[in-house]
Amino acid sequence: MESGQSGSEIVVLKDVVKNYPLGKVSVPALRGINLTLHRGEFTALVGASGSGKSTLLNMIGCVDLPSEGKVFIDGVDVTQESDKALTRLRLHKLGFIFQSFNLVNVLTVYQNVEMPLLLQGGFSAKERKARVEKLLNQVGLSSHLKHRPNELSGGQRQRVSIARALVGQPKIVLADEPTANLDSRTGKEIIDLMHDINQSDGTTFLFSTHDQRVVSRVDRVIPIEDGLLLPEEPIEQKSSAQGETQGVALSG
Amino acid sequence: MDKGVLQLVFQLSIRSLWSHRVKNLVVGSIIFIGVFLLVTANAMLDSVSRGMESSITASITGHLQLYDKDAQDQLSMMGMMGNFLSKPHIGHVADFQTLRNEIEKHPNVKALIPMGTDTTIVYGGNRIDQAAAEIRQALKQLPPELTAQEKQQHLHAHQQHLQDLIDHLHREYQLIIKFSGKQTKTALALADLKQARKETFWQKLMLEPGPNLQFLETHIAPLMDDENPVFMEVIGTDLDRFKDTFPRFKIVKGGMVPSGQRGVLVNDTQYEKVIKDRIARVFDRVWEKRNEENILIKDDKELGQYVERRAKEYKQWLLSFESEARLDIQQALQTFLNAPEAELDTLIPEFLALSDENFLARYDFFYTHIAPKLDLYPIDIGDKITLRKFGEGESQQVIFYGTYQFEGVEKSGFSALFHLVDMTTFRDLYGFMTEEKQIEINKLKKEFSTVEWARINVEDELFSSEEGLIAEISLEAEKEIPEAEITLSSSQNLSRAERQARRLTKRYSQIEIDQGAVLSAAVVLHDETQIKKSRKEIEAIIQNKSLPVQVIDWQKASGYVGQMISVMKIILVIFIVFVFLVSMVVVNNAMLMSTINRYGEIGTLRAIGAGRSVIMGIFLLESTLLTLVAAFFGAIAGIITVKYFHAVGIAAPRFEFYFLFGGPRLFPDIDIYDLYLGPLVILAVSVLATFYPALLATRVPPIIAMSARE
Ligand SMILES: Nc1ncnc2c1ncn2[C@@H]1O[C@H](COP(=O)(O)OP(=O)(O)OP(=O)(O)O)[C@@H](O)[C@H]1O
Ligand SMILES: [Mg+2]
């Protein structure tokens with residue numbers, strides 16, 4: 001378990017290459033990625049469709065392994081770990097927000113959010129209740145505990161998803177196009193919510209998007225194109241207007 | 001697994017069971033039906049085999065049977081399936097006494113009962129034999145000092161009856177001579193008949209009944225046809241100990257064979273259904289169907305045909321009524337059928353045309369007016385009957401003391417199979433040389449001339465033999481029947497007939513009964529649940545004392561009855577396998593579908609940190625819960641069904657089923673043990689059938705979550 005990074009680095013990618021086999025040829029999705037994410041960062045991964053955003057997030061999310069290179073999460077080289085260890089790592093250090101929410105429809109809102117705590121184990125019922133209710137309160141769903149996911153709107157579902165991603169107190173929350181299935185207004189609200197949480201408790205966020213407007217909210221934008229990272233442009237001001245211009249400029 | 005994880009697994013299983021309730025209801029119903037059928041079938045079969053087991057062990061075979069260790073074949077008391085007449089070669093055990101002494105030392109052995117089965121033929125009474133027996137009995141009542149003439153006056157009716165029979169035979173034999181010429185056999189018969197027709201013969205008979213009645217029995221009686229022979233499967237046994245040991249044994253008519261004596265007990269069911277007058281049985285059968293099974297003649301085609309067929313045999317009745325009875329019956333029938341002029345031979349067929357409407361009145365009429373004048377049973381309680389070993393001609397006279405049955409299983413086929421005969425007679429019949437027999441043979445050899453000896457022992461050979469002595473006898477010999485031959489045995493020695501009569505009522509001691517050969521011996525245990533253990537211990541005793549026997553359990557010993565139970569068990573196993581396969585396919589399919597439908601959900605769970613064991617747990621728990629609930633209700637339904645039939649009984653659809661049902665109705669009962677099998681089988685099936693789909697589910701990669709659409 002090689003780290004080599006200082007304490008503030010939560011994700012480090014070294015020369016990550018990912019090829020997808022497609023029949024006899026292999027499709028390169030990531031072609032040598034070097035990236036470092038720091039604690040507390042609120043980062044957007046921006047790129048055109050097919051640029052490799054999802055692939056990169058899957059590497060960081062430990063649901064897929066790179067063809068070459070190394071991925072360190074909290075100092076641990078995940079390319080060397082067993083399925084069991086990766087599962088534990090996802091459970092304890094990562095939180096996921098999915099494009100299509102991925103709530104368990106047979107469970108209530110409350111039960112969905114409680115799931116990671118049950119899987120982690122070691123929490124009393126009281127503790128679980130306190131945590132779940134606090135988070136659902138934070139995402140504005142304290143009156144929907146007993147609802148089923150399919151009784152909620154898309155925005156509400158994504159809020160539940162956020163609460164579920166956060167309840168286990170992960171080191172980093174990953175979100176692959178969390179707003180793609182939402183209208184722009186609601187999408188904005190979701191990004192704002194994530195940002196608020198980042199601001200209030202310092203949770204690290206990395207999400208992908210091809211929506212330029214959200215860029216105004218973030219600390220850092222990582223542009224990606226054809227499986228390669230483009231040089232980052234520093235963000236001077238978090239003004240909405242600027243963000244939008246920048247976004248337009250970036251979009252290809 | 002952590003408590004929290006367990007909670008999640010439960011939550012997810014129950015939730016998804018509920019949310020797919022329609023599909024699960026279908027799967028559950030199939031499991032329900034499977035368990036229901038298994039529980040019910042198992043309980044029924046268990047009831048049948050338990051019933052049969054206790055019927056057999058408590059009535060015939062005991063719990064274990066011991067037989068010759070060097071036997072060629074396996075002991076099979078009831079024959080092999082479908083083949084009663086081919087007897088297995090089971091050897092014999094020469095010394096029962098020692099065997100009994102050793103085996104009865106075992107604390108769980110209630111008794112060791114000697115046994116042997118054999119097929120015999122009983123010739124219904126011979127009229128001359130019967131008449132001779134009657135006159136012998138009557139003569140004993142008269143004061144001995146009376147003259148021949150006085151005795152003849154007293155016994156006029158008896159003498160007349162016998163003389164009528166002899167005249168009848170004489171006429172017949174004269175006809176035979178006329179048509180088939182002078183054959184030695186016929187000539188000899190005519191000579192004997194002529195002798196018996198002499199007035200002097202009757203005078204001598206009155207004064208010296210022994211030798212002269214014996215002449216009638218040995219020379220004249222064989223000329224008369226016996227009534228239809230009846231095949232009788234007999235068990236030879238120690239009757240007293242049999243009665244005390246087998247709890248189902250019960251005397252129905254007449255009485256028990258006096259302790260230690262020779263005698264035969266006829267199976268009551270056979271007495272009623274096989275031996276009884278053929279036409280009288282029609283009335284019984286229709287009555288029984290009507291009252292016990294609620295079936296009328298018009299409801300049952302077979303019964304209707306049976307009634308018609310038997311009615312055609314009415315001529316038998318005409319022959320068996322004596323002349324006085326004929327008139328009485330004719331008069332009664334004329335009034336009853338309102339046909340004042342009709343003759344008996346038109347009245348009887350009309351009377352026998354039974355229908356549901358006239359049956360009750362006719363049944364009543366039959367038993368009040370006709371039956372008393374009819375020889376309802378060709379052998380009556382108290383009769384002397386002759387058992388002849390099937391195929392070999394060895395025969396023994398015994399008194400028929402009464403009928404018996406095995407209580408509770410009276411009507412089931414197997415318990416109606418056997419008649420019981422005392423061990424001594426059985427040994428004689430079977431051809432074991434007993435001490436008593438040896439002595440008698442020696443005596444006879446001394447008493448009789450060679451001619452007589454040959455006649456007594458090998459009557460059949462006598463006539464077909466080429467031996468000079470017999471061939472020389474011509475028609476002229478009629479005049480010269482040596483007086484000596486008849487008077488020879490009137491010496492101080494007892495006649496053969498009288499000795500036989502003595503033997504009939506001789507009381508044999510327990511030692512005499514125990515000493516000697518048996519074919520097998522039934523071990524009856526106190527505690528039948530210990531059968532396996534006791535068997536081992538008995539085998540050890542046999543080993544230690546080197547007793548010349550081997551042990552077989554009742555199931556094997558009973559032959560095809562045991563096979564029947566095995567066949568039913570095999571059918572149950574096939575049935576279980578079938579249910580097993582069906583449930584397997586159904587559960588497997590359902591779970592595979594479930595895996596495919598829940599691909600996304602599983603991926604999500606894996607992505608957010610659920611391990612493979614969690615996924616496996618969810619699937620296994622789901623099918624286990626579903627199975628348990630369905631099996632529970634299936635078992636409950638099975639219990640209710642069996643209990644219902646326990647209360648009302650299941651009617652045997654045909655007489656043949658009595659054998660399986662232990663009577664006309666089966667009253668199945670359920671045992672805790674019956675309840676294990678069905679649910680356990682299904683549970684095993686479910687877990688097995690779920691395992692593969694569950695394994696597939698654990699292989700769903702977490703990356704699926706990323707692209708999953710709701
Ligand atoms: N499972 C796969 N098998 C083969 N090729 C794949 C697979 N997943 C992605 N790719 C290819 O890899 C490249 C990167 O895809 P990726 O999904 O990472 O792009 P993206 O930036 O997320 O696009 P989008 O905005 O449409 O989601 C694409 O060319 C895509 O066709
Ligand atoms: Mg993508």
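General observations
- Residue ID - surrounded by the most Cβ atoms within 10 Å (Cβ to Cβ), chosen from residues in the range A:176-195 that are within 16 Å of ligand 1 (Cβ to nearest atom) and away from every other protein chain (no Cβ under 11 Å): A:178
- Only residues that are hydroxyl-bearing (Ser, Thr, Tyr) and in a strand (DSSP E or B) were counted in the range B:238-254, giving 0.
- Only listed residue being within 14 Å of chain A (Cβ to nearest Cβ) and open to solvent by less than 30 Å² (accessible area, probe 1.4 Å), chosen from B:579, B:587, B:614: B:614
- Here residue B:653 meets each of (1) more than 14 Å from chain A (Cβ to nearest Cβ); (2) open to solvent by less than 50 Å² (accessible area, probe 1.4 Å); (3) not in a helix (DSSP H, G or I) with one exception, condition (2).
- Residue match in the range A:43-53 (condition: within 13 Å of ligand 2 (Cβ to nearest atom), at the interface with another protein chain (Cβ under 10 Å from one of its Cβ atoms) and modelled with pLDDT under 95): no
- Number of the condition not met by residue A:90 [criteria: (1) under 16 Å from the mean Cα position of the chain (by Cα); (2) of a type outside the set (Phe, Trp, Tyr); (3) more than 8 Å from chain B (Cβ to nearest Cβ); (4) within 26 Å of residue B:13 (Cβ to Cβ)]: (3)
- Residue match in the range A:68-83 (condition: within 16 Å of ligand 2 (Cβ to nearest atom) and either closer than 30 Å to residue A:217 by Cα or under 18 Å from the mean Cα position of the chain (by Cα) (or both)): no
- Scope the range B:5-64; condition within 14 Å of another protein chain (Cβ to nearest Cβ), under 30 Å from residue B:574 (Cβ atoms) and surrounded by fewer than 19 Cβ atoms within 10 Å (Cβ to Cβ); matching residues: B:23
- Residues (more than 15 Å from ligand 1 (Cβ to nearest atom) and open to solvent by less than 10 Å² (accessible area, probe 1.4 Å)) located in the range A:41-70: A:42, A:43, A:62
- Within the range B:592-611, the set of residues being over 15 Å from residue A:116 (Cα atoms) and open to solvent by less than 10 Å² (accessible area, probe 1.4 Å) comprises B:594, B:595.
- Filtered by the rule that a residue be more than 10 Å from ligand 1 (Cβ to nearest atom), surrounded by fewer than 20 Cβ atoms within 10 Å (Cβ to Cβ) and touching a residue at least 12 places away in the same chain (Cβ under 8 Å), the range A:21-40 gives A:31, A:32, A:34, A:36, A:38, A:39, A:40.
- Selected residue (only one of A:91, A:13 is open to solvent by 10 Å² or more (accessible area, probe 1.4 Å), away from ligand 2 (no atom under 16 Å from the Cβ) and not polar (S, T, N, Q)): A:91
Matching residues to (1) at pLDDT below 85; (2) under 20 Å from residue B:60 (Cβ atoms):
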| residue | (1), (2) |
| --- | --- |
| B:370 | no, no |
| B:386 | yes, no |
| B:404 | no, yes |
| B:426 | no, yes |
| B:430 | yes, yes |
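- Scanning the range B:284-293 for residues that are hydrophobic (A, V, I, L, M, F, W, C) and either open to solvent by 90 Å² or more (accessible area, probe 1.4 Å) or within 14 Å of residue B:653 (Cβ to Cβ) (or both) turns up just one, B:287.
- Among the residues of the range B:590-601, those identified as assigned to a helix (DSSP H, G or I) and within 10 Å of chain A (Cβ to nearest Cβ) are B:600, B:601.
- Every pair of residues 6+ apart whose Cβ atoms lie under 7 Å, when the first sits in the range B:294-311 and is exposed (fewer than 13 other Cβ atoms within 10 Å of the Cβ) while the second is of a type in the set (Asp, Glu): B:298/B:356
- Residue match in the range A:199-211 (condition: within 16 Å of ligand 1 (Cβ to nearest atom), of a type in the set (Ser, Thr, Tyr) and within 14 Å of chain B (Cβ to nearest Cβ)): yes
- Set A:169, A:156: member being in a helix (DSSP H, G or I), more than 16 Å from ligand 1 (Cβ to nearest atom) and open to solvent by 30 Å² or more (accessible area, probe 1.4 Å): A:156
- Against the numbered list (1) in contact (Cβ under 8 Å) with a residue 60 or more places away in the chain; (2) more than 14 Å from chain A (Cβ to nearest Cβ); (3) open to solvent by 80 Å² or more (accessible area, probe 1.4 Å); (4) under 30 Å from residue A:114 (Cβ atoms), residue B:515 comes up short only at (4).
- Selected residue (only one of A:116, A:66, A:28 is at the interface with chain B (Cβ under 10 Å from one of its Cβ atoms) and either touching a strand residue (DSSP E or B) at 6+ places or on another chain (Cβ under 7 Å) or closer than 14 Å to residue A:173 by Cβ (or both)): A:116
- Residue B:134 in contact (Cβ under 8 Å) with a residue 12 or more places away in the chain, open to solvent by 70 Å² or more (accessible area, probe 1.4 Å) and of a type in the set (D, E, K, R): yes
- Sole residue being touching a residue at least 60 places away in the same chain (Cβ under 8 Å) and surrounded by fewer than 17 Cβ atoms within 10 Å (Cβ to Cβ), chosen from B:199, B:217, B:233, B:208: B:208
The values are calculated or read from the model by the stated rules, or taken from the named source; none is laboratory data. Here the structure is a predicted model, which is why all the values come from computation and not from measurement. Heads up, the Cβs are rebuilt from the backbone with ideal geometry, glycines too, and the neighbour counts pull from every protein chain shown. For accessibility, only protein heavy atoms count, side chains too; no ligands or nucleic acids. Shrake-Rupley method; radii C 1.70, N 1.55, O 1.52, S 1.80 Å.
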